[in-house]
1. Please verify whether residue A:307 is within 10 Å of DNA strand B (Cβ to nearest atom) and without any contact (Cβ under 8 Å) to a residue 60 or more places away in the chain, treating the condition exactly as stated.
2. Considering segment A:139-150 alone, what residues qualify as being touching a helix residue (DSSP H, G or I) at 6+ places or on another chain (Cβ under 7 Å), surrounded by fewer than 17 Cβ atoms within 10 Å (Cβ to Cβ) and in a loop (DSSP other than H, G, I, E, B)?
3. I'm checking my understanding of the structure. Among residues of segment A:204-251 that are in a loop (DSSP other than H, G, I, E, B) and without any contact (Cβ under 8 Å) to a residue 40 or more places away in the chain, which one is surrounded by the fewest Cβ atoms within 10 Å (Cβ to Cβ)?
4. Tell me the strands (runs of 3 or more DSSP E) entirely within segment A:63-137 that contain at least 2 residues that are within 16 Å of DNA strand C (Cβ to nearest atom), modelled with pLDDT of 95 or more and closer than 30 Å to residue A:186 by Cβ.
5. Give me the helices (runs of 4 or more DSSP H) completely within segment A:273-371, filtered to those with at least 1 residues that are within 28 Å of the chain's Cα centre (by Cα) and away from DNA strand C (no atom under 16 Å from the Cβ), ordered by residue number.
6. Please state which one of A:379, A:429, A:384, A:373 is in contact (Cβ under 8 Å) with a residue 40 or more places away in the chain and surrounded by fewer than 19 Cβ atoms within 10 Å (Cβ to Cβ).
7. Count, please, the residues in segment A:125-138 that happen to be out of contact with any helix residue (DSSP H, G or I) (no Cβ under 6 Å at 6 or more places or on another chain) and either in the same structural domain as residue A:419 (by the TED database) or in contact (Cβ under 8 Å) with a residue 12 or more places away in the chain (or both).
DNA sequence: GCATTATGACGCT
DNA sequence: TAGCGTCAT
């Protein structure tokens, strides 16, 4: 459940930067002949042409969607180029995209606190940079404002394509704007510069949202894609949320959003305004109730965490349908391969970032053939993580065996594993002194 | 049992 | 804490 946090008293400038169809762009940089061509990145391809995990905007025009298989995509877009994710040890290897994501993070982390939200998304707290710009070189004193900033979308501004740039310029330079809007205007210029810098240094385009909090910035970054940015002045929030379908709000795309619709007839975020905080708490508990009351008003106090690296590393693979692993002998090599990859990744994290992982976790999914219907899930198991591939393999195998015993519960001797994941968590920096020893 | 995979973050108990 | 569930892409 989401947790309600009060909005800080001082106005912040928060940006959410989202790479456009990132995996596709990474492949297009490697193979420039694919630029401008309908393209998708697929994982594997023997079953129905592989699963699409990223789709270029040229391909989206044909109706190609991420939920499709390669074969389906070919049907609606016969000329689509399908690029396969690299495979190592029989599983998809996403390291190429992780490394590309890190390139982007290093560039975006230069103007303020930066949070890696996923492999291709970051949040930035640009409050300090915006305040500094406002006091030293406010927009209305600039001789020239970047074209990229002038192409911004300002929510609430008249939507006249002919003179849009002119309207944006006026909005950015308004001397009668309040302090909040002036800070946002500075944020718009800073983010435009950052996006230009990312494009110049990585060749990747991205989209961005600029607002007073993370929730609104995230909402805005998705409104105009690809390669565009959108700013949310406070005066536009009520109207924006009034018509926003409830399931489009972050955290409400799942069961909570559905139950709001079912229990209270709420179809838009704005509909939440019809309910008191107490009523929302009555239905969904104190925390969630207050959180809902807040988001209806565009209030979200979540801070941008200064974190450029992931908090955990996971390696997993599914074995659907006929591929299910039905013997210990068939599980072993797969688990070993996953542990090998995990070991490499935490070793690299140690060398590059001086961080140590402390916990090894094994997750699995499976089924058992049983007279009596039973639905016990395969339990997750964890233990202290010891470095070294062989040790990780040994420990993961013990975790698997103990999980399997629990799972089977003396009820069955026929079973199948449909998914295996090993992950490393509780990753902490190595104290600087201990590096000397 | 089963084909939206592979990965992440985070809250609850 | 260990383990589970939810949400996102």
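1. no
2. Here is the first cut: in segment A:139-150, the ones touching a helix residue (DSSP H, G or I) at 6+ places or on another chain (Cβ under 7 Å) are A:139-140, A:145-146, A:148-150.
Adding the requirement that they be surrounded by fewer than 17 Cβ atoms within 10 Å (Cβ to Cβ) leaves A:140, A:146.
Once the filter is applied, which keeps residues that are touching a helix residue (DSSP H, G or I) at 6+ places or on another chain (Cβ under 7 Å), surrounded by fewer than 17 Cβ atoms within 10 Å (Cβ to Cβ) and in a loop (DSSP other than H, G, I, E, B), segment A:139-150 yields only A:146.
3. A:243
4. Qualifying strands (runs of 3 or more DSSP E): A:113-118, A:121-125.
5. In segment A:273-371, the matching helices (runs of 4 or more DSSP H) lie at A:286-295, A:328-353.
6. Step by step, each of A:379, A:429, A:384, A:373 is checked, and only A:429 is in contact (Cβ under 8 Å) with a residue 40 or more places away in the chain and surrounded by fewer than 19 Cβ atoms within 10 Å (Cβ to Cβ).
7. So the first thing to find is which residues in segment A:125-138 are out of contact with any helix residue (DSSP H, G or I) (no Cβ under 6 Å at 6 or more places or on another chain), and the list is A:125, A:127-128, A:131-132, A:135-138.
When the remaining residues are screened for being either in the same structural domain as residue A:419 (by the TED database) or in contact (Cβ under 8 Å) with a residue 12 or more places away in the chain (or both), the result is A:125, A:127-128, A:131, A:138.
Counting residues in segment A:125-138 that are out of contact with any helix residue (DSSP H, G or I) (no Cβ under 6 Å at 6 or more places or on another chain) and either in the same structural domain as residue A:419 (by the TED database) or in contact (Cβ under 8 Å) with a residue 12 or more places away in the chain (or both) gives 5.
The values are calculated or read from the model by the stated rules, or taken from the named source; none is laboratory data. Just so you know, these numbers come straight off a predicted model, no measurement behind them. Ideal geometry is used to build each Cβ from the backbone, glycine not excepted, and the neighbour counts take in all protein chains shown.
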